Amino acid sequence: MRRRTTRSLIAALTATLAVLASACDIGGPAAAAGNDKVIRIGAWYPLTGPLASFGIPERAGADAYFKSVNARGGINGRKIDWIVKDNANDPQQTVQIARRLVDQEGVVAIVAANGTSQSQATFPFVLEQSKVPVINTLGGDASWYEPSREGLFGLQTLYEDQAVALGDWVTRDGAKKVLVVHSDPKAFVNVSKVVGPAARKTDPEARVERLSVKYQTTDYSPVIRKVKSAGPDAVVLILTAAETASYLKEARLQGASRPTYGYAPVAAQATLTLGGKATEGLKALQLVKSPNDDDPAIREFRTAMKKYERGQPADFITLWGWEAAKAFVEVAKTIDGPVTSESLTKAYQNARHVDTGVGPVLDYGPDRHLGTRDLQKVVVNNGRWESQGDFFTPPARD
């Protein structure tokens, strides 16, 4: 009796272990690289901390698109398993997250993640050691793509190119004396330095000065007094959305309003919410169309946000995430066979005319890993951001 009981227990335990092993095979790292039913990808976002106001909506936009694709059957019959981790905007935490995503979760790519310094900290492990591609990250600089790096692909027009576009735009609008107001961290300073040469290239008589402001300052009274003293024809802002709102309200209060232009982070819903009437007429550049536009691709975005991410606004930041996710899916659909790190890298190198409908058309190649330099002009009209014309390519950087 005891022997039969023991044999029965052993048989039951063996069957249980077999089931568990099978489950591990389905979801484990080794299987993820070649699973015929699941495409496992990862990302990191600042979902807590001061930059969560960017991370949360951007993640929501990408998640809404991936959910809509899965609802339609996935990518060529494969569902997307998008694993997102909170890095609190910290590079060291991001490196630890990258190791978990690659080694434990078995992701075949990092897709639509957030952050320049945070993502860059992972490159030695993710790109170089593990050969896992990093695709469509929000952020980046010229060193990422000039020259091209194996496995690194982007769709965000560089801030330096945005500065060139601003310098050209403001002088073409007739400004002869331009003041660039920028935050004091190095990244903002570097972008601000590009505006002057670009403006003078368009109009050799243009004079461009710069005014540095302490990062995240809330008292813009002394700043506006300096602006009034400088007497510019127009102002270019290289600031965050909250800083832009503070600047505009104080300028209106002191009667120092001038034609004002900003780069992509300025063109945010937060600018309108915080700045109110002072934002009317503000001009800025964007990476995507206005979420208020009335065309099929933007309507699809707004509908999906209501369905899959209730409580998150259909704004520029969520649209950034949506575009990054959609571009990935459009390229991944071209893969005939298993979706692996290697096949994704090859697919991006061969990707041409990738049209998300909400951003510029993307073109990649073996030596072209940044899909576009194009931008969209937007302006605040009656309290809403509206697109102005079509996407355009700014002049070449010197």
Exercise for the section: Between ASP173 and ASN350, take the C-beta separation as r, use R0 = 35 Å, and let me know the FRET efficiency to the nearest 0.05. Expected result: 0.30
Exercise for the section: Could you work out the relative contact order of the stretch 239-398, using alpha carbon pairs under 8 angstrom and six or more residues apart, expressed as a whole percent? Expected result: 23
Completion exercise
Of all DSSP beta bridges having both residues in the chain, the percent classed as antiparallel (nearest 5) is 30
Handout entry: Residues in the stretch 229-254 reached by a label modelled at SER212 [backbone nitrogen below 17 Å; 7 Å Cα→Cβ]
Key = 238-240
Practice task
Treating the angle as unsigned and between 0 and 90°, give the value, to the nearest 10°, between the Cα long axis of helix 52-71 and the longest Cα principal axis of the chain.
Solution key: 50
Problem - Leading residue at positive end of dipole, the chain (Cβ point charges), from TYR45, PRO124, VAL111 - result: TYR45
Handout entry: Loop-located trypsin sites (Lys or Arg not before Pro) in the stretch 340-387, at most 16 other Cβ atoms within 10 Å (DSSP)
Key = ARG352
Practice task
For a quick protection proxy, order the peptides 90-102, 52-64 by their average other-Cβ count within 10 Å, most packed first.
Solution key: 52-64, 90-102
Exercise for the section: Treat every Asp and Glu Cβ in the stretch 128-262 as -1 and every Lys and Arg Cβ as +1, leave all other atoms uncharged, and give the resulting dipole magnitude about the Cα centre to the nearest 20 debye. Expected result: 560
Exercise for the section: Provide TYR65, TYR159 in ascending order of the number of other Cβ atoms located within 10 Å of each residue's Cβ, fewest first. Expected result: TYR159, TYR65
Exercise for the section: Pop a pseudo-label 7 angstrom from the Cα along the beta-carbon direction at both LYS226 and VAL361 and give the gap in nm to one decimal. Expected result: 4.4
Completion exercise
Full extension between ARG299 and ASN76 adds, at 0.36 nm per residue less the Cα distance, a length in nm of 77.9 nm
Handout entry: Point-charge dipole on Cβ atoms (K/R +1, D/E -1) for the chain, about Cα centre, debye to 20
Key = 1040
Exercise for the section: For the chain, find the longest principal axis of its Cα atoms and tell me its angle to the long axis of helix 221-230, 0 to 90°, nearest 10. Expected result: 50
Handout entry: Gain upon complete extension [ASP398, ASP36; 0.36 nm per residue less C-alpha separation]
Key = 125.6 nm
Completion exercise
So the FRET efficiency between ASP103 and GLU342, C-beta based with R0 = 25 Å and rounded to 0.05, is 0.90
Exercise for the section: Grab the DSSP H runs of the chain that are 4 residues or longer, score each as -39,500 (n - 2.57), total them, divide by all residues and round the 222 nm result to the nearest 500 deg cm²/dmol. Expected result: -13000 deg cm²/dmol
Practice task
State the dimensionless ratio Rg/Rh of the stretch 334-398 (Rg: radius of gyration of Cα atoms; Rh: Kirkwood radius).
Solution key: 1.13
Practice task
For LYS193 paired with THR273, estimate the spin-label separation in nm (one decimal), with each label point 7 Å from Cα along the Cα-to-Cβ line.
Solution key: 3.5
Problem - Degrees between helix 241-253 axis and first principal axis of the chain (Cα, 0 to 90, nearest 10) - result: 20
Fill in the blank from the handout: If unit charges are put on Cβ atoms (+1 for Lys and Arg, -1 for Asp and Glu) and the dipole of the chain is taken about its Cα centre, the option from SER192, GLY77, ALA264 lying farthest towards the positive end turns out to be GLY77
Exercise for the section: Using only the Cα atoms, work out Rg/Rh for the chain, with Rh taken as the Kirkwood radius, to two decimals. Expected result: 1.06
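Taken together, the values in this text are just the output of simple stated rules run on the coordinates, not laboratory data. Just so you know, these numbers come straight off a predicted model, no measurement behind them. Neighbour counts are summed over all protein chains in view; Cβ atoms, including those assigned to glycine, are modelled from backbone coordinates with ideal geometry.
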